[in-house]
1. If I take R0 = 35 Å and measure r between the Cβ atoms of L22 and Y55 in this structure, what FRET efficiency does the formula 1/(1 + (r/R0)^6) give, to the nearest 0.05?
2. Given 0.36 nm per residue, what is the gain on full extension from R38 to E2 after removing their alpha carbon distance, in nm?
3. Under a 1.4 angstrom probe, counting protein chains only, how are I34, I16, I6 ranked by accessible area, largest first?
Amino acid sequence: MEKDVILQKLMELDFIAVDMGLYLNTHPEDTKAIGDYRKVVAAAEEVRMKYEDAYGPLCSFRSDAGENDATWQWKNDPWPWQIGANPSLAGKECR
(Lines give C-alpha, C1' and ligand atoms only; values in the text may rest on other atoms or scores of the structure.)
Protein backbone atom coordinates (compact mmCIF):
# COMPACT_ATOMS: atom_id res chain seq x y z
CA MET A 1 0.00 0.00 0.00
CA GLU A 2 1.08 3.54 -0.68
CA LYS A 3 1.99 5.75 2.28
CA ASP A 4 -1.03 8.05 1.93
CA VAL A 5 -3.42 5.11 1.52
CA ILE A 6 -2.15 3.44 4.70
CA LEU A 7 -2.33 6.72 6.62
CA GLN A 8 -5.89 7.36 5.38
CA LYS A 9 -6.96 3.88 6.50
CA LEU A 10 -5.39 4.46 9.92
CA MET A 11 -7.19 7.78 10.32
CA GLU A 12 -10.49 6.09 9.43
CA LEU A 13 -9.96 3.30 11.96
CA ASP A 14 -8.89 5.74 14.68
CA PHE A 15 -11.99 7.86 14.01
CA ILE A 16 -14.20 4.78 14.30
CA ALA A 17 -12.48 3.82 17.57
CA VAL A 18 -13.03 7.29 19.05
CA ASP A 19 -16.66 7.31 17.92
CA MET A 20 -17.27 3.85 19.34
CA GLY A 21 -15.58 4.88 22.59
CA LEU A 22 -18.01 7.76 22.91
CA TYR A 23 -20.91 5.37 22.32
CA LEU A 24 -19.55 3.02 24.98
CA ASN A 25 -19.38 5.89 27.47
CA THR A 26 -23.18 5.94 27.40
CA HIS A 27 -23.75 2.22 26.70
CA PRO A 28 -21.11 0.44 28.81
CA GLU A 29 -23.10 -2.80 28.95
CA ASP A 30 -23.27 -3.27 25.14
CA THR A 31 -21.10 -6.37 24.80
CA LYS A 32 -21.38 -6.48 21.00
CA ALA A 33 -20.13 -2.87 20.77
CA ILE A 34 -17.29 -3.69 23.15
CA GLY A 35 -16.26 -6.60 20.92
CA ASP A 36 -16.51 -4.44 17.81
CA TYR A 37 -14.48 -1.71 19.52
CA ARG A 38 -11.73 -4.20 20.36
CA LYS A 39 -11.64 -5.39 16.74
CA VAL A 40 -11.34 -1.83 15.43
CA VAL A 41 -8.58 -0.98 17.92
CA ALA A 42 -6.69 -4.15 16.93
CA ALA A 43 -7.10 -3.35 13.22
CA ALA A 44 -5.87 0.20 13.79
CA GLU A 45 -2.83 -1.07 15.68
CA GLU A 46 -2.04 -3.48 12.83
CA VAL A 47 -2.23 -0.67 10.25
CA ARG A 48 -0.23 1.63 12.56
CA MET A 49 2.55 -0.94 12.84
CA LYS A 50 2.54 -1.48 9.07
CA TYR A 51 2.89 2.27 8.52
CA GLU A 52 5.61 2.69 11.14
CA ASP A 53 7.59 -0.29 9.85
CA ALA A 54 7.62 1.25 6.38
CA TYR A 55 7.75 5.00 7.07
CA GLY A 56 8.77 5.64 10.68
CA PRO A 57 6.97 6.63 13.88
CA LEU A 58 3.72 8.57 13.95
CA CYS A 59 4.24 9.85 17.51
CA SER A 60 7.38 10.88 19.36
CA PHE A 61 6.73 8.38 22.15
CA ARG A 62 6.86 5.58 19.54
CA SER A 63 10.16 6.84 18.17
CA ASP A 64 12.51 4.47 19.96
CA ALA A 65 13.50 1.82 17.42
CA GLY A 66 14.27 -0.69 20.15
CA GLU A 67 17.39 -2.41 21.39
CA ASN A 68 18.70 -3.24 17.90
CA ASP A 69 18.77 0.38 16.72
CA ALA A 70 20.21 3.27 18.70
CA THR A 71 18.66 6.03 16.57
CA TRP A 72 15.88 8.43 17.49
CA GLN A 73 13.58 8.22 14.46
CA TRP A 74 11.13 11.03 15.26
CA LYS A 75 13.39 13.62 13.63
CA ASN A 76 13.30 11.87 10.24
CA ASP A 77 9.82 12.89 9.08
CA PRO A 78 8.41 16.33 8.39
CA TRP A 79 6.98 18.14 11.40
CA PRO A 80 3.19 18.64 11.46
CA TRP A 81 3.50 22.28 10.36
CA GLN A 82 5.64 21.41 7.32
CA ILE A 83 3.93 20.92 3.96
CA GLY A 84 5.36 17.41 3.58
CA ALA A 85 3.36 16.25 6.62
CA ASN A 86 0.06 16.95 4.86
CA PRO A 87 -0.44 14.89 1.66
CA SER A 88 -3.18 17.23 0.42
CA LEU A 89 -0.63 20.08 0.29
CA ALA A 90 2.13 18.14 -1.46
CA GLY A 91 3.68 20.17 -4.24
CA LYS A 92 1.99 23.39 -3.10
CA GLU A 93 3.73 26.48 -1.85
CA CYS A 94 2.85 28.15 1.47
CA ARG A 95 2.16 31.85 1.34
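1. Numbers: r = 29 Å, r/R0 = 0.84.
Using R0 = 35 Å, I get an efficiency of 0.75.
2. On the way: separation 36, 0.36 × 36 = 12.96 nm, distance 2.58 nm.
The span from R38 to E2 would gain 10.4 nm if fully extended.
3. So, going from the largest accessible area down, we get I16, I34, I6.
The values are calculated or read from the model by the stated rules, or taken from the named source; none is laboratory data. Just so it is clear, the structure is predicted and the values come from calculations on it, not from any experiment. Note that we place each Cβ from the backbone using ideal geometry, even for glycine, and neighbour counts take in every protein chain shown. Keep in mind that these areas ignore ligands, DNA and RNA; they rest on the heavy atoms of the full protein, side chains included. Shrake-Rupley method; radii C 1.70, N 1.55, O 1.52, S 1.80 Å.
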